[in-house]
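Comments concern the structure below.
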Amino acid sequence: MDLHTRFNQSEENGARYPNERRNFEDKAEVEEPAPATVDDLLLAHSREYVEFVKRQTNLGYGFLDSGDTPATKGLFEGSCSVVGGSILGARKVFDGECTHAFNVGGGLHHAKSTAASGFCVFNDIAVAARWLQKNRGVRKIAVIDIDGHHGDGTQSIFYNEPLLKISFHRIGIFPQTGYIDEIGDGEGQGYSVNIPLGGSTGDEAVLYAYGEIVPPLLRWYKPEIVFFVCGIDGHQGDPLADLSLTSRTYLAVAESLHELTHELCGGKLLLLGAGGYLLDVTARCWALIFSAISQTRPQLKDTDLPDKDVTEKSQNMARIKDTVEEIRQTIFKMHNLL
Ligand SMILES: [Zn+2]
Ligand SMILES: [Zn+2]
């Protein structure tokens with residue numbers, strides 16, 4: 001039986017759900033991570049930036065960037081705790097202490113090596129990946145990011161490295177990057193894969209692009225571990241990145257990545273929460289994802305799902321087919337996959 005582990009970020013959450021282990025048929029455990037150390041942060045961030053975050057959070061006011069990421073008291077410690085959760089999850093999954101892990105507070109994909117951005121202070125994805133590279137000699141880490149925004153921080157930190165990054169995101173909104181021609185540089189050429197999506201893209205088009213791009217690239221890359229950045233802000237009605245997705249997309253991608261990781265790397269799958277600004281919808285979609293990968297999927301009626309209109313049809317199939325073809329002609333060709 002798989003041992004599936006999820007990580008909580010606070011004692012409060014642990015206290016609120018004392019029966020969680022029982023709810024997941026003894027397949028899941030909740031763990032309290034040790035905070036990341038400064039040395040951990042330095043794996044992906046400059047010392048100047050780490051000191052800056054410390055200073056600003058001690059002040060307790062103002063912003064770390066131009067206005068999205070406030071510098072509140074305790075932010076440094078809280079951010080270290082988030083990063084610690086992702087390191088712990090990555091380590092336990094890679095070492096085989098559990099098959100999958102979920103850090104719902106993680107996935108802070110906008111943070112750069114020297115700057116905060118878009119509510120993200122430290123890039124836990126990058127720190128956890130660097131931690132595995134340094135301490136376990138891992139070479140092939142794949143990051144699949146379906147948050148509604150481009151994973152620009154992760155891309156920039158690994159832009160010159162052969163670490164596979166695939167990001168599905170709404171184009172033309174924050175952070176204004178993630179175009180199809182951002183494919184990586186030097187040894188990283190062909191390892192940044194961007195699937196830019198228009199507004200109201202919908203399940204059908206996103207799942208088509210996912211199916212055409214992700215399974216073939218993962219089978220070619222043969223990852224040793226997969227990070228799944230599962231932000232829910234592409235859900236229909238999300239105020240930040242409406243892609244008109246329903247829970248079907250999140251569930252289908254989670255089930256597919258679960259199968260692919262079992263096929264390719266012994267199931268080594270680390271899930272990181274990322275964004276989502278309709279809180280009830282986000283919580284329910286994460287619960288669905290968690291149920292899918294722990295194979296404790298509940299029996300659900302359509303009315304239990306957090307979707308307004310499950311018959312919504314994609315308006316963007318023609319456009320997405322062009323996008324997929326362009327990726328095949330660039331990335332796939334580069335790796336001799338055509
Ligand atoms: Zn987002
Ligand atoms: Zn599994």
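The values are calculated or read from the model by the stated rules, or taken from the named source; none is laboratory data. Since the model is a prediction, treat every value here as computed from it, not as a measurement. Note: ideal-geometry Cβ built from the backbone for every residue, glycine included; neighbour counts use all protein chains shown.
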Only one of these conditions is not met by residue 242: (1) surrounded by fewer than 17 Cβ atoms within 10 Å (Cβ to Cβ); (2) over 16 Å from residue 328 (Cβ atoms). Which number is it? (1)
Total residues in segment 276-294, condition hydroxyl-bearing (Ser, Thr, Tyr) and more than 16 Å from ligand 1 (Cβ to nearest atom): 2
If I filter segment 306-320 for residues that are within 16 Å of ligand 1 (Cβ to nearest atom), modelled with pLDDT under 95 and in a loop (DSSP other than H, G, I, E, B), do I get at least one hit? no
Return the pairs, sorted by first residue and then second, in which the second residue is of a type in the set (S, T, N, Q), the first residue lies in segment 26-44 and is in a strand (DSSP E or B), the beta carbons are less than 6 Å apart, and the residues are 6+ apart or on different chains. 28/294; 29/5; 30/8
When (1) of a type outside the set (Ser, Thr, Tyr); (2) part of a helix (DSSP H, G or I); (3) modelled with pLDDT under 95; (4) within 16 Å of ligand 1 (Cβ to nearest atom) are applied to residue 204, the one that fails is (4)
Flag if residue 292 is in contact with an Asp or Glu (Cβ under 7 Å, 6 or more places away or on another chain), part of a helix (DSSP H, G or I) and within 16 Å of ligand 2 (Cβ to nearest atom): yes
Segment 169-185: number of residues that are touching a residue at least 60 places away in the same chain (Cβ under 8 Å) and within 20 Å of residue 211 (Cα to Cα): 4
If you take the residues of segment 80-103 that are polar (S, T, N, Q) and surrounded by fewer than 24 Cβ atoms within 10 Å (Cβ to Cβ), which of them is farthest from ligand 1 (Cβ to nearest atom)? 99
In segment 207-221, is there at least one residue being in a helix (DSSP H, G or I), at pLDDT below 95, away from ligand 1 (no atom under 15 Å from the Cβ) and over 26 Å from residue 111 (Cα atoms)? no
Would a scan of segment 224-236 turn up a residue that is more than 25 Å from residue 100 (Cβ to Cβ), touching a His at 6+ places or on another chain (Cβ under 8 Å) and within 16 Å of ligand 1 (Cβ to nearest atom)? no
Quick check: is even one residue across segment 254-270 among the hydroxyl-bearing types (Ser, Thr, Tyr) and away from ligand 2 (no atom under 16 Å from the Cβ)? no
The condition of being of a type in the set (Asp, Glu) and touching a strand residue (DSSP E or B) at 6+ places or on another chain (Cβ under 7 Å) holds, among 65, 95, 152, only for 65
For residue 133, work out the one condition from (1) closer than 30 Å to residue 29 by Cβ; (2) in contact (Cβ under 8 Å) with a residue 24 or more places away in the chain it doesn't fulfil. (2)
